[in-house]
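Values in this text are rule-based calculations from the coordinates and carry no lab data. As the structure is a prediction and not an experimental result, all values here were calculated from the model. Note that each Cβ is placed from the backbone with ideal geometry, even for glycine, and that neighbours are counted across all protein chains shown.
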Amino acid sequence: MTIKELSDKCCVSEQSIRNWCKKNNVPKASQGKATKASYVITKEVEDEILTYYGALTANIEMSESTQSKTIKQSIFGAGKRTNKATEYKR
């Protein structure tokens, strides 16, 4: 997984991922012509980053809540949606 993909999945900047890698002594990849720091992102490092930023647990919780929400909607109907901005104007 690339730094870009990890940053998107964790909802943080690419620089945040690079900073985490630097702080946690993740080995750098060979530079070549790249100007930004590249790191060797193994599956173990990927899991640590996802856990650190809460993306791993958030994905599990989201899928569980989505499943229960879908079940509730199918049993009780979709429910009424409200506009929060309108509610606060009262």
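Please go through region 20-44 and give me each residue that is without any contact (Cβ under 8 Å) to a residue 12 or more places away in the chain and under 17 Å from ALA55 (Cα atoms), ordered by number. I'd like the intermediate steps shown before the answer.
Keep residues of region 20-44 that are without any contact (Cβ under 8 Å) to a residue 12 or more places away in the chain, which gives 23, 25, 29-35, 42-44.
THR42, LYS43, GLU44, listed by residue number.
In region 5-19, what residues are within 14 Å of ALA55 (Cβ to Cβ) and in a helix (DSSP H, G or I)?
GLU5, LEU6, SER7, ASP8, LYS9, CYS10, SER16, ILE17, listed by residue number.
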